[in-house]
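> Below is one structure. I have some questions about it.
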Amino acid sequence: MSERKRFMLLTGASRGIGHATVKLFQEHGWKIFTVSRQPFSPECMWPDAKDSHIQADLSDLGGLEQLVETLRQRLPQGELHALVNNAGISPKGEGGKRLGVLDTDEYTWVNVLRVNLVSTALLSRYLFPELKKARGSIVNVTSIAGSRVHPFAGVAYAASKAGLAALTREQAHEFAPQGVRVNAIAPGEIDTSILSPDTNKIVENQIPMHRLGTPHEVAQAIYYLCSEQSSYINGSEIHINGGQHV
Ligand SMILES: NC(=O)c1ccc[n+]([C@@H]2O[C@H](COP(=O)([O-])OP(=O)(O)OC[C@H]3O[C@@H](n4cnc5c(N)ncnc54)[C@H](OP(=O)(O)O)[C@@H]3O)[C@@H](O)[C@H]2O)c1
């Protein structure tokens, strides 16, 4: 007997962790809708990739309802089985310099919080009926920088990820009674374009496993949290960092 098709909205799928997540979920027969600012990434190609993509800028909070409406029209049963909030930005100063409190201007604060935090809360709010109907899962992609000072991640990014961990807790408390589980994954140093050139120093000195993580390893944890295998896990934040946090 064939399984019923499951549907996911994944933000930030044009490269990195999002790209690997699309690939893995597809292998498991899911239908994935993606969101990013680019119209479509030729590097992240799969059958029906163009048709499944919704071009949107998550910093434009007023545009999110339109994005959700576009998605709704493409969900045949009005069911969304997973919302993965993966899109994120980590602005740097000149030469890749870390932006501390004294370096971070108002625009950077507001823009980072819009993309990394507020858009995720609003997407879960607008898509809650569809998630509830499917008894779906939300996975928020936080960061090791949300719980400790990081040598390259700036203050606005760190605060946004700490906020996202708190949002995960609040959503887990509020949504689980209605059948929607909410968890987070907190990557450490994963081999993507978001990394700083000096990450190799962290790998040598701070990661017990002495290597970067791969986007596929992160995707596997996201898949687990959206599957029946994690049916009693709610409000957790899974560290994916080779032991960098110990
Ligand atoms: N890589 C790591 O080591 C690491 C560590 C900790 C946490 N994380 C987190 O993991 C997530 C994915 O990271 P990654 O390394 O895969 O990042 P990445 O390679 O830089 O990809 C970021 C994705 O987000 C999208 N995006 C950025 N701004 C957007 C906006 N305003 N609206 C819509 N989409 C937007 C980008 O697409 P467009 O440019 O087309 O918009 C892209 O698809 C992020 O939340 C990041 O904070 C990563």
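> With a 10 Å Cβ neighbour count serving as the proxy for reagent exposure, in which order, fewest first, do 209, 8 appear? Mind dumping the intermediate values first?
Numbers: 209 12, 8 25.
Ranking 209, 8 by Cβ neighbours within 10 Å, fewest first, gives 209, 8.
> Kindly provide the GluC sites (Glu not before Pro) of the range 1-65 that DSSP labels as loop, not H, G, I, E or B, and whose Cβ sees at most 12 other Cβ atoms within 10 Å. Spell out each step's value before the answer.
Details: sites: 3, 27, 43, 65; in loops: 3, 43.
Passing sites in the range 1-65 are 3, 43.
> Sorting 169, 98 on the 10 Å Cβ count, fewest up front, what's the list?
Going from least to most buried by this count: 169, 98.
> How much length is gained on full extension from residue 173 to residue 237, taking 0.36 nm per residue of separation minus their Cα-Cα distance?
21.7 nm
> Let me ask you something else. Just subtract the alpha-carbon distance of residue 126 and residue 48 from 0.36 nm times their residue separation and send over the number in nm, one decimal. Display every interim value, and only then the final one.
Values: separation 78, 0.36 × 78 = 28.08 nm, distance 2.51 nm.
Full extension from residue 126 to residue 48 adds 25.6 nm.
> Among 41, 143, which comes first, second and so on when ranked by fewest other beta-carbon atoms within 10 Å?
Neighbour counts put them in this order, fewest first: 41, 143.
> Here is a further query. All other residues with a Cβ under 13 Å from the Cβ of residue 121 taken together, and with Lys, Arg as +1 and Asp, Glu as -1, what is their net charge?
So the environment of residue 121 carries a net charge of +1.
> Could you compute the net charge surrounding residue 187? Neighbours are other residues with a C-beta less than 13 Å from the C-beta of residue 187; K and R count +1, D and E count -1.
My count for the surroundings of residue 187 gives -3.
> Still on this model: What does the charge add up to near residue 57, with Lys and Arg as +1, Asp and Glu as -1, over the other residues with Cβ less than 13 Å from its Cβ?
+1
> Quick check: pseudo-label points 7 Å beyond the Cα along Cα→Cβ at residue 74 and residue 107, how many nm apart are they?
3.1
> Please report how many Lys pairs in the chain have alpha carbons closer than 22 angstrom, counting only residues at least 8 apart along the chain or sitting on separate chains.
Counting lysine pairs in the chain gives 14.
> Ok, one more. Given R₀ = 30 Å, what would the calculated FRET efficiency be for residue 147 paired with residue 217, taking r from the Cβ atoms and rounding to 0.05?
So, using R0 = 30 Å, E works out to roughly 0.95.
> Which residue fluctuates the most in the chain, going by a Gaussian network model with Cα springs under 10 Å, if the choices are 220, 73, 206?
73
> Next up: Hey, with R₀ at 30 Å, roughly what FRET efficiency would residue 61 and residue 200 work out to, going by the Cβ-Cβ distance, to 0.05?
0.25
A short reminder: the numbers here are calculations on the coordinates, not readings from a lab. Everything quoted here is computed from the prediction, not taken from an experiment. Cβ sites come from the backbone with ideal geometry, for glycine too, and all protein chains shown count toward neighbours.
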